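What follows is calculated from the coordinates using simple rules that are stated; it is not laboratory data. Computed from a predicted structure; not experimentally measured. Heads up, the Cβs are rebuilt from the backbone with ideal geometry, glycines too, and the neighbour counts pull from every protein chain shown.
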Amino acid sequence: MRGDDVRRRESGRRAGAGGRRVRRFRPGLGFGNEHEMNPSLMETDSRLRVAFFVKRFWPDVGGVEKYVFELAQALLELGHCVHVIAGDPEGTRPATESHEGIEILRYPSRRSTLRAAWALRRATPVLHRADVIHVSDVEMLERYERFLARRVGAKPVFLTRHGMSLRDPVTVEELRRHERARRCVAGMLDDGTFIQRRYGATPDAVPDPGLRPMADELSTSPEPQAARAVFVGRLEPDTGVDIYLDGLQALRERHGIHLPLTVYADGSRRDELRRRAETFDLDVRWEAPRADAQDRLCDGTLAFVSGRMSIFEAMARRRCVVAAYMDPLKRDYVCGEWFSPLIGRARDGAEVAEHVAELLRDPRLRRARAEAAFQAVRRLNWGATAREYVRVWRAGLARAAVTSSRPALAWGSP
């Protein structure tokens, strides 16, 4: 009789309605609604185990990569534990490693779907143990749902929408896609107010990225004796590099000003842009991307940057920013935020040339604008950004504690 009871209990664990296998919560693994079992996760002083699921990460250089790295560092300083699950486009980096306290797990993101899915099996234990699963961008949320959600169970998932990964034009299907994403996550943050204006779906918070070091911790670097511009970013179609090169040409032809440019960047268009600069005899120095590229902004008189964090980095170093935009979405990104009045905004090379000529011909105006921008970013720090994330996580976990499931995205392959 005792053996029959054991078999019945075992059968109940293995099969549910219709004979399908049922995955149940087991302490330490986190199947089902772990947060209903552990109310202490909602306490303000409890330590959280956070797993980020991102497209790329260190040592790759880019806005989202830097954002997640700095956020992770701030979370570690607050006493939380951080893992990052990231794609490895070339499949050449270590599958697991630790970097400055962050545990990293990689999978080959450019291989076949089957290979990526197989490699991601190694991430399952990390996600089981995590209190918070946080995904960067809707595309990665779809990938999570496709490859990992069924293995992990109905644990709450959180989302950040980053502006640099969005595309124009915004279609009706894209709007629906974002609404579906919003419904299936326990909390959502936006990296800029323009994202909701363009894509709908109300976020729980729109925190500013921080600065490390903070603006007040930076020493004041004098401008170089000879005027120079510095570009920091990626050499891709959406970063405005063509507009900056057009601007250098227009500056020379219309205003008689020869302005050298130093580029700290890499990307798919590096060779093409280099040939173009040589064709028009532009003075451009092409440097390799580097993790501390923001410090090189002080090498120039002006900063040619259009990414949110790069703009703040330049403002903190008292360098005037000229930000280029090439489509309506990027226009909102550059022109529709609180910092927009503090930077030069250019839709084409002629406008770049106008901003640059005005700033170079009037050093007093340049210094005044740089100082106003510096004062505006003095409040920014990654500790405040991390605390806002933790607030959204705890609120989402509290809401998830009274529900038993999370809806699937169910929108097909990413």
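Miscellaneous remarks
- Contact order relative to length of the stretch 215-377, as percent, for alpha carbon pairs under 8 angstrom and 6 or more apart: 28 percent
- When DSSP beta bridges are restricted to pairs lying wholly in the stretch 63-196, around 20% turn out antiparallel.
- When you work out D = kT/(6 pi eta Rh) for the stretch 269-322 at 10 °C and 1.306 mPa s, using the Kirkwood radius from C-alpha pairs as Rh and the Stokes-Einstein form, the result is 128 µm²/s.
- Cβ-based exposure ranking for 58, 393, in which fewest neighbours within 10 Å come first: 58, 393
- Around the amide H of residue 262, modelled in the peptide plane, lie the amide H atoms of 229, 230, 231, 285, all under 5 Å away and 5 or more residues distant in sequence or on another chain.
- Length available on full extension from residue 115 to residue 391: 0.36 nm per residue minus the Cα-Cα distance, which gives 95.7 nm.
- Label zone at residue 221, where the point sits 7 Å out along the Cα-to-Cβ direction: the stretch 57-93 residues whose backbone N lies under 17 Å: none
- For residue 66, the lysines whose Cα comes closer than 16 Å to its Cα, not counting residues fewer than 8 places off in the same chain, are 55.
- The stretch 70-161, relative contact order in percent, only Cα pairs under 8 angstrom and at least six apart counted: 21 percent
- Cα gyration tensor shape for the stretch 48-167, rounded if a/c is under 1.5, else prolate or oblate: rounded
- Sites residue 96 and residue 258, calculated FRET efficiency, Cβ-Cβ separation with R0 51 Å, nearest 0.05: 0.55
- Whether the stretch 305-413 is rounded, prolate or oblate, judged on the alpha carbon gyration tensor where a/c under 1.5 counts as rounded: oblate
- Each pair of Cα atoms in the stretch 215-377 enters the Kirkwood radius, and Stokes-Einstein at 20 °C and 1.002 mPa s then converts it into a translational diffusion coefficient of 138 µm²/s.
- Each helix, a run of at least 4 DSSP H residues, gives -39500 (n - 2.57); summed and divided by the residues of the chain, these come to -12000 deg cm²/dmol at 222 nm.
- Dimensionless Rg ratio for the chain, taking C-alpha atoms and the 2.2 N^0.38 Å reference: 1.11
- For the stretch 258-281 and the stretch 359-398, distance of Cα centres in Å: 30 Å
- Net lengthening on full extension, residue 49/residue 403 (0.36 nm per residue, minus Cα-Cα): 125.3 nm
- Taking 0.36 nm per residue of sequence separation and removing the Cα-Cα distance, the residue 170/residue 281 pair yields an extension gain of 36.2 nm.
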